[in-house]
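A short worksheet on the structure shown next.
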Amino acid sequence: MKNEIDTRLSRLRRSLVARDLQAVLVTCPENRYYLSGFWAEDLGLGESAGCLLITRNENLLLTDGRYKEQATKEAPLFQVQLYKKGLPALLKQLFRDLDIKRCGFEPPFLPVATYKKIKHAIVPATLVDFGDLIFKMRAIKDHEELAKIGRAQEVAEEVFADILPELKAGVTEREVAFLILKGLYLKADGPSFPPIVASGPNAALPHAIPGNRELKAGEPIIIDMGARLDGYCSDMTRTMFIGEPDPYFKEIYNVVKDAQEAAQRFIRAGIRCKDADGAAREIIEQRGFGEYFVHSLGHGVGIAIHEAPAVSFRNRKLLRAGMVITVEPGIYIPGKGGVRLENMAVVEENGCRLLTSSRFYYEFQ
Ligand code: ZN
Ligand code: ZN
């Protein structure tokens with residue numbers, strides 16, 4: 001990973017020069033990992049595990065005593081400095097010592113209160129919005145990242161296969177969610193997000209929270225889950241039935257499956273994100289369910305479960321080779337239920353390669 005990080009840092013440094021910045025302050029946790037290798041769970045916006053200060057010549061990782069040992073080990077290219085009197089005070093000293101006049105920062109990942117303190121402490125130096133360069137870099141995966149995401153998906157599928165025999169009438173959504181979590185903690189580094197187990201009418205809510213509802217025969221059960229492994233996420237949804245499915249949802253299932261296949265055939269480098277969404281949406285609209293496909297087709301997956309690009313009907317940006325995106329059309333009938341099917345795909349020059357296997361699908365006639 002050291003070589004990849006070196007390459008990323010060189011690219012970042014070129015942009016510092018081009019933008020007349022002497023440094024950039026990286027506070028987004030996923031960007032911090034991407035550029036240093038230091039992985040930590042931040043306990044909240046107000047309690048960060050640390051940040052990076054990358055100048056034209058130095059790599060500094062600023063954190064507190066709790067993370068000293070781990071940061072030193074995981075980020076060998078960085079010099080670890082502890083903020084004993086808080087981040088603003090340390091930055092004040094560093095900006096003076098390193099002669100930093102203009103420093104990039106990440107507005108969505110710095111609380112206003114901290115921003116104000118830093119701004120005051122570093123006068124006459126200034127903070128400048130660094131924009132989305134690091135997010136754009138993260139969107140295109142290298143070989144090692146693709147392998148990690150692929151492995152996270154393989155493990156998630158193992159866990160999925162393990163829990164399938166437990167899907168029985170009378171078992172609650174929470175019990176299924178618990179088994180998924182248990183499997184993900186035992187076989188991977190844990191879940192990439194809290195699993196969704198939504199049965200019957202709950203399956204009409206795209207982001208339902210598993211509750212005490214008992215699974216019933218015939219109704220759709222949406223299971224959306226992913227593993228975190230070696231710093232990377234996977235994301236998969238399957239809709240399952242116990243016993244003979246309700247005929248209405250069989251039809252819906254086939255529409256969603258056709259829409260997913262159409263999008264997967266269409267996706268390749270150079271097309272607009274909105275057109276990938278359109279390839280699936282068109283099928284769902286033609287079959288009369290357009291108003292029930294209430295979210296976008298997909299999203300990027302990597303260090304974060306949701307990252308660039310947004311594969312939405314609004315996004316005019318182009319898909320590029322090396323992006324990992326989800327293809328997840330869904331139809332949600334309020335009060336009744338829903339169906340969603342989600343795969344992960346790597347965008348390639350002439351098509352896409354699925355990272356999800358073709359397991360756990362039904363072939364309804
Ligand atoms: Zn998902
Ligand atoms: Zn997803």
Where a Cα-Cα gap under 13 Å defines reach, which aspartates and glutamates qualify for LYS187, not counting those fewer than 8 residues away within the same chain? GLU154, GLU157, GLU158, ASP162, ASP230
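Starting from the Kirkwood Rh over alpha-carbon pairs, what translational D in µm² s⁻¹ does segment 140-354 have by Stokes-Einstein at 20 °C and 1.002 mPa s? Could the numbers behind the result be given before it?
Numbers: Rh = 17.2 Å.
For these conditions, the coefficient is 124 µm²/s.
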Could you work out how far apart the two model spin labels at GLU47 and LYS101 are, taking each label as a point 7 Å from the Cα in the direction of the beta carbon, and quote it in nm? 4.0
Could you tell me the calculated FRET efficiency between LYS68 and LYS116, based on Cβ-Cβ distance and R0 = 30 angstrom, to the nearest 0.05? 0.65
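Considering only the other residues whose Cβ falls under 9 Å of the Cβ of ARG102, what net charge follows from Lys and Arg at +1 and Asp and Glu at -1? Don't jump to the answer; show the numbers that get you there.
Working: positive: ARG19, LYS101; negative: ASP20.
Its environment carries a net charge of +1.
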Compute the angle between helix 143-163 and the longest alpha-carbon principal axis of the chain, please, reported from 0 to 90 degrees and rounded to the nearest 10. 40
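Ranked by accessible surface with a 1.4 Å probe, highest first, in what order do LEU77, LEU91, LEU229 come? Please list the in-between numbers first.
Details: LEU77 50, LEU91 0, LEU229 30 Å².
In descending accessible area the options line up as LEU77, LEU229, LEU91.
Over the chain, average the accessible area per residue using a 1.4 Å probe and give it in Å², no decimals. Could the numbers behind the result be given before it?
Numbers: 16520 Å² over 365 residues.
With all protein chains present, the chain gives 45 Å² per residue.
When each pair of different Cα atoms in the chain is counted once in the 1/r mean, what is the Kirkwood radius in angstroms, to one decimal? Working shown, then result.
Working: mean 1/r = 0.0453 Å⁻¹.
Kirkwood hydrodynamic radius for the chain: 22.1 Å.
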Here is the link list: LYS168/LYS257; LYS68/LYS101; LYS84/LYS119; LYS182/LYS250; LYS250/LYS336. Which ones come out longer than 21 Å on Cα distance? LYS168/LYS257; LYS68/LYS101; LYS182/LYS250
Once the Cα atoms of segment 2-138 are picked out, what are the Rg and Dmax in Å? 13.6, 37
Hey, for a label at LYS187 modelled as a point 7 Å past Cα toward Cβ, could you say which residues of segment 154-178 have their backbone N under 12 Å away? 154-165
For the chain, which whole-number percentage of the solvent-accessible area (1.4 Å probe, protein heavy atoms only) is attributable to carbon and sulfur atoms? 52
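Of all GluC sites (Glu not before Pro) in segment 1-99, which ones are in loop regions per DSSP and have a Cβ with at most 12 other Cβ atoms within 10 Å?
Numbers: sites: GLU4, GLU30, GLU41, GLU47, GLU58, GLU69, GLU74; in loops: GLU41, GLU58.
Passing sites in segment 1-99 are GLU41, GLU58.
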Helix 173-187 versus the longest principal axis of the chain: what is the Cα-based angle in degrees, 0 to 90, to the nearest 10? 50
Over the Cα atoms of segment 265-326, how large are the radius of gyration and the largest Cα-Cα distance (Dmax), in Å? 11.8, 37
Can you give me the C-alpha center-to-center distance between segment 293-340 and segment 59-122, rounded to a whole angstrom? 35
Within 10 Å of each candidate Cβ there may be at most 16 other Cβ atoms; applying that plus a DSSP loop requirement, which trypsin sites (Lys or Arg not before Pro) in segment 87-165 survive? LYS101
So what's the angle, to the nearest 10 degrees on a 0 to 90 scale, between helix 247-266 and the longest Cα principal axis of the chain? 40
Relative contact order for the chain using alpha-carbon pairs under 8 Å, separation at least 6, rounded to a whole percent? 13
Pick out, from PRO194, ALA217, ALA49, the residue whose Cα sits farthest towards the positive end of the charge dipole of the chain, with +1 on the Cβ of Lys and Arg and -1 on the Cβ of Asp and Glu. ALA49
Distance in nm between pseudo-label sites at LEU318 and ALA169 (7 Å out along the Cβ direction from Cα): 5.5
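Report, for segment 2-138, the % of DSSP beta bridges that are antiparallel, rounded to 5. Let's see the in-between values first.
Numbers: 9 of 19 bridges.
Taking every DSSP beta bridge within segment 2-138, about 45 percent pair in antiparallel fashion.
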For the chain, set up a Gaussian network in which alpha carbons nearer than 10 Å are linked by springs, and say which option among ALA269, ALA198, ALA89 fluctuates the most. ALA89
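The values are calculated or read from the model by the stated rules, or taken from the named source; none is laboratory data. Note that the structure is predicted; figures quoted are calculated from it, not measured. Cβ: placed from backbone, ideal geometry, glycine included. Neighbour counts: every protein chain shown. The area values use the complete protein model at the heavy-atom level, side chains included, leaving out ligands, DNA and RNA. Shrake-Rupley method; radii C 1.70, N 1.55, O 1.52, S 1.80 Å.
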